[in-house]
Amino acid sequence: MSDKRFYIETYGCQMNMADSEVVNSILMDEGMSPVHSAEEADVIFVNTCSIRENAETRVWNRLKEFRSLKKEKKDLTVGVLGCMAERIKENIIEKEQLVDIVVGPDAYRDIPNLLKEVNDGRKAVNVLLSLEETYADITPVRTSGNGVTAFVSIMRGCDNMCAFCVVPFTRGRERSRPLSSIMDEISQLNDQGYKEVTVLGQNVNSYQYEDIDFTKLMDEVSKANPEIRFRFSSPHPKDFPEPLLHLIAERPNLCNYIHIPAQAGSDTMLERMRRPYTRDQYLKLIDRMREIIPGVSLSTDIIAGFCDETEEEHEATMSLMKIVEYDLAYMFAYSERERTLAARKYEDNVPEKIKKRRLTEIIKQQMAIQEKNNKDEVARRHLVLVEGTSKKSDEQLSGRTDTNKMVVFDKKNFKKGDYVEVEVTDYTSATLIAKPIRKSSIAEFYNQTVVTA
Ligand code: SAH
Ligand code: SF4
Ligand code: F3S
């Protein structure tokens with residue numbers, strides 16, 4: 001194996017990004033070396049996503065492109081990793097001749113063996129899900145990041161079974177990673193100069209390892225690494241722990257930003273979606289967040305056109321979003337997924353045209369809200385962590401505020417990885433434009449500045 005070059009292409013959520021780094025580590029331990037394009041590779045892995053139909057379509061199209069590469073290069077190996085693995089298994093190998101290896105999210109340790117099977121001329125599949133696997137002892141290798149921000153998985157799987165969602169089927173049961181291994185990984189990131197860590201799970205507030213719950217985990221990681229700032233994704237509104245809000249309010253390096261997926265705005269829809277909270281409970285939670293953490297920035301996920309959605313239910317989603325005034329929202333048209341409760345029990349009966357129209361209305365309203373929120377940012381000061389040069393100009397840097405807003409400003413003598421105090425001068429719906437004031441640090445900035453709400 002050791003002379004082989006590999007390339008991993010990643011689709012889907014941040015968990016998949018984090019998993020690709022685990023796979024990197026496993027392959028490099030075998031002596032294989034990472035390359036940055038499919039054309040250079042002897043082994044191509046596609047880490048796949050099943051969350052919506054269009055996510056899968058993109059992967060299929062990509063695999064077809066790799067088929068032509070395979071024709072030119074006879075010994076090229078193509079593998080499918082991640083959430084599509086379970087669904088396609090043998091099918092993909094027999095029917096489409098596109099893929100040599102299929103590996104599910106809990107079977108990455110088996111990749112070296114599977115590669116050997118392929119070398120011996122067989123197709124190889126392992127899609128077994130596990131009750132224990134957390135890859136706790138594998139240190140992810142971050143080959144494609146910016147060297148400043150990193151993801152750290154703290155748990156795997158999901159037990160929530162929201163009616164629309166395929167994740168419990170692709171990723172299996174929920175399990176938490178030991179605190180010590182999370183602490184070790186973050187301490188290594190700290191030594192390597194990383195400045196921001198987002199801790200990841202499909203449902204982070206169910207984190208529980210021995211007597212450590214999610215609030216305790218956030219307490220421990222942020223206390224031990226005062227110059228790393230921490231975010232987390234995603235919590236579930238049904239049981240968001242209030243002590244965590246107080247901790248975020250007190251601790252300078254816990255970001256004042258919470259992604260809190262609502263999905264919908266009416267009790268009837270939330271019930272149908274099997275999201276066990278009401279509109280009222282959700283809005284009360286948002287109120288508590290804003291009371292306890294003044295100026296907290298909020299984002300959400302919304303689905304338009306779920307089964308049986310009425311015009312009133314759609315309006316309720318619109319009005320919820322209007323009340324909360326999120327700083328960011330990920331908005332989707334419902335896409336039916338096999339095996340889910342919705343696929344088995346409900347009818348995907350909102351016509352495509354209406355789904356699209358409702359989604360467009362939701363997006364349009366949200367863009368206006370973001371623009372208004374960003375307008376209010378003008379003249380405020382923020383601490384920005386520089387992630388790199390701006391996409392539009394080499395003379396500008398880009399990074400994010402504590403509240404997760406993208407900011408661009410003149411480069412001057414600042415560089416990637418610096419914490420820079422900036423003052424906002426202008427805005428669009430997606431970006432703040434600022435002038436840099438001075439290089440700073442988390443401790444310095446929060447000791448001297450009253451953060452404006
Ligand atoms: N565990 C995370 C969500 C992971 S999936 C959470 O609960 O917050 C990310 C988002 O994709 C979901 O929040 C939901 O808004 C959306 N999504 C999931 N299944 C979907 C489907 N079948 N169709 C459209 N959007 C979907
Ligand atoms: Fe899917 Fe719901 Fe689990 Fe999120 S909490 S991964 S939406 S089942
Ligand atoms: Fe997609 Fe799997 Fe993530 S379905 S969103 S890659 S958990």
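The values are calculated or read from the model by the stated rules, or taken from the named source; none is laboratory data. All of these numbers come straight from a predicted model, not from anything done at the bench. All Cβ positions, even for glycine, are placed from backbone atoms using ideal geometry, and neighbour counts span all protein chains on display. Protein only, heavy atoms only, side chains kept; ligands, DNA and RNA dropped before computing areas. Shrake-Rupley method; radii C 1.70, N 1.55, O 1.52, S 1.80 Å.
Looking only at residues in the range 168-208 that are farther than 16 Å from I228 by Cβ and free of Cβ contacts under 8 Å to residues at least 12 places away in the same chain, which one is most open to solvent (accessible area, probe 1.4 Å)?
S180
May I ask you to list the residues in the range 165-209 that are among the charged types (D, E, K, R) and within 12 Å of ligand 2 (Cβ to nearest atom)?
Filtering the range 165-209 down to residues among the charged types (D, E, K, R) leaves 171, 173-175, 177, 184-185, 191, 195-196.
Scanning the range 165-209 gives R171, R173, E174.
Identify the residue in the range 257-278 that is open to solvent by 30 Å² or more (accessible area, probe 1.4 Å) and touching a residue at least 60 places away in the same chain (Cβ under 8 Å) and, among all such residues, is farthest from T403 (Cα to Cα).
From the range 257-278, those open to solvent by 30 Å² or more (accessible area, probe 1.4 Å) are 267-268, 271-272, 274, 276, 278; that's our starting set.
Now restrict to residues that are touching a residue at least 60 places away in the same chain (Cβ under 8 Å): 272, 274.
On the way: R272: 32, R274: 30 Å.
Here the answer is R272.
Condition first: open to solvent by less than 50 Å² (accessible area, probe 1.4 Å), part of a helix (DSSP H, G or I), away from ligand 3 (no atom under 16 Å from the Cβ) and modelled with pLDDT of 95 or more. Can you find one or more residues in the range 116-126 that meet it? Spell out how you get there, then give the answer.
To start, the set of residues in the range 116-126 that are open to solvent by less than 50 Å² (accessible area, probe 1.4 Å) comprises 118, 124, 126.
Next cut, part of a helix (DSSP H, G or I) only: 118.
Remaining after also requiring away from ligand 3 (no atom under 16 Å from the Cβ): 118.
Add one more test, that the residue is modelled with pLDDT of 95 or more, and what stays is none.
Checked against the condition, which is being open to solvent by less than 50 Å² (accessible area, probe 1.4 Å), part of a helix (DSSP H, G or I), away from ligand 3 (no atom under 16 Å from the Cβ) and modelled with pLDDT of 95 or more, the range 116-126 yields no hits at all.
Looking at (1) within 14 Å of ligand 3 (Cβ to nearest atom); (2) not assigned by TED's automatic domain parsing to the domain that holds L244, find the lone condition where P112 falls short.
(1)
Taking V199, is it within 16 Å of ligand 1 (Cβ to nearest atom) and either out of contact with any Leu (no Cβ under 7 Å at 6 or more places or on another chain) or not basic (K, R) (or both)?
On the way: within 16 Å of ligand 1 (Cβ to nearest atom): yes; either out of contact with any Leu (no Cβ under 7 Å at 6 or more places or on another chain) or not basic (K, R) (or both): yes.
Taking the combined requirement at face value, the residue satisfies it.
Under 6 Å between Cβ atoms, which residue pairs at least 6 apart in sequence (or on different chains) link something in the range 139-163 that is open to solvent by less than 20 Å² (accessible area, probe 1.4 Å) with a partner that is among the hydroxyl-bearing types (S, T, Y) and assigned to a loop (DSSP other than H, G, I, E, B)?
Every condition considered, the pairs that remain are A150/Y194; I154/Y207; M155/Y207; R156/T134.
Go through the range 136-174 and count every residue that is assigned to a loop (DSSP other than H, G, I, E, B), away from ligand 1 (no atom under 16 Å from the Cβ) and under 18 Å from the mean Cα position of the chain (by Cα). I'd like the intermediate steps shown before the answer.
First pass over the range 136-174, keeping only residues assigned to a loop (DSSP other than H, G, I, E, B): 136-148, 154, 157-166, 172-174.
Restricting the remaining residues to those that are away from ligand 1 (no atom under 16 Å from the Cβ) gives 136-148.
After this cut, where a residue has to be under 18 Å from the mean Cα position of the chain (by Cα) as well, the list is 140-148.
Final tally of qualifying residues: 9.
Residue pairs, Cβ under 8 Å, 6 or more apart or interchain, first in the range 36-61 and acidic (D, E), second open to solvent by 20 Å² or more (accessible area, probe 1.4 Å) and outside any loop (DSSP other than H, G, I, E, B). List them.
Close Cβ pairs (under 8 Å, with a partner that is open to solvent by 20 Å² or more (accessible area, probe 1.4 Å) and outside any loop (DSSP other than H, G, I, E, B)) amount to E39/L69; E40/R5; E40/Y7; D42/R5.
Filter the range 280-296 down to the residues that are out of contact with any strand residue (DSSP E or B) (no Cβ under 9 Å at 6 or more places or on another chain) and basic (K, R), then identify the one that is nearest to N256 (Cα to Cα). If you could, list the steps in order and put the result at the bottom.
Taking the range 280-296 as the starting set, the residues that turn out to be out of contact with any strand residue (DSSP E or B) (no Cβ under 9 Å at 6 or more places or on another chain) are 280-285, 287-288, 291-292, 294-295.
Filter once more, so that each one left must be basic (K, R): 284, 288.
Working: K284: 18, R288: 13 Å.
So, considering only residues that are out of contact with any strand residue (DSSP E or B) (no Cβ under 9 Å at 6 or more places or on another chain) and basic (K, R), the one nearest to N256 (Cα to Cα) is R288.
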